[in-house]
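Derivation of every value follows stated rules applied to the coordinates shown; laboratory data play no part. On a predicted model such as this, the values are computed, not experimentally measured, just so you know. Counting neighbours? That spans all protein chains shown, and the Cβs are built from the backbone with ideal geometry, glycine included.
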């Protein structure tokens with residue numbers, strides 16, 4: 001089985017405000033007051049400024065979009081996350097902006113295991129205020145395993 005996700009995650013109100021000016025943006029609710037904005041092809045094309053993709057080591061962060069994420073983060077922390085797995089092997093990347101600057105990452109891990117601090121996405125979610133129960137990580141706590149592919153989040 002595969003899993004892939006490229007998305008912006010933030011407080012519901014922060015993303016709702018950001019999405020107002022982006023007709024291609026679609027939001028999905030996560031747990032603990034967060035929303036997810038999948039990086040669809042249409043959204044990518046809308047927010048890319050024509051500069052190189054690959055800034056900060058991400059596969060699908062549109063050129064110049066990190067400045068937009070920094071702007072959005074003046075209303076609260078904003079994470080950009082990527083994950084791609086097949087058969088339990090793959091990669092995760094995450095970064096968090098807050099107050100207009102990057103405050104976590106970019107973090108990256110390849111392979112099946114994670115550091116004691118957790119996966120990059122779980123660390124980013126923790127920075128967004130997610131609180132996981134004992135025996136559960138932040139990724140599972142907000143329901144990121146609900147859909148196996150990013151576009152499946154769009155109703």
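How much mean residue ellipticity at 222 nm does the chain get from its helices, if each DSSP H run of length 4 or more adds -39500 (n - 2.57) and you divide by all residues, to the nearest 500 deg cm²/dmol?
Values: 5 runs with 35 residues, N = 155.
Calculated at 222 nm, the ellipticity per residue is -5500 deg cm²/dmol.
Among 73, 133, a tally of other beta-carbon atoms within 10 Å of each Cβ gives an order, fewest to most, of 133, 73. Only alpha carbons enter this Debye calculation for region 2-153, each as an equal point scatterer, and the log10 of I(q)/I(0) it gives at q = 0.13, 0.17 Å⁻¹ is -0.52, -0.94. The distance linking region 13-62 with region 127-155 is 17 Å (Cα centroid to Cα centroid, whole angstrom).
Each Cα pair under 8 Å and six or more residues apart adds its sequence gap; the mean of these over the residue count of the chain is a relative contact order of 25 percent. The shape of region 1-67 can be summarised by an equivalent ellipsoid whose semi-axes, obtained from the alpha carbon gyration tensor, come to 20, 15, 11 Å from longest to shortest.
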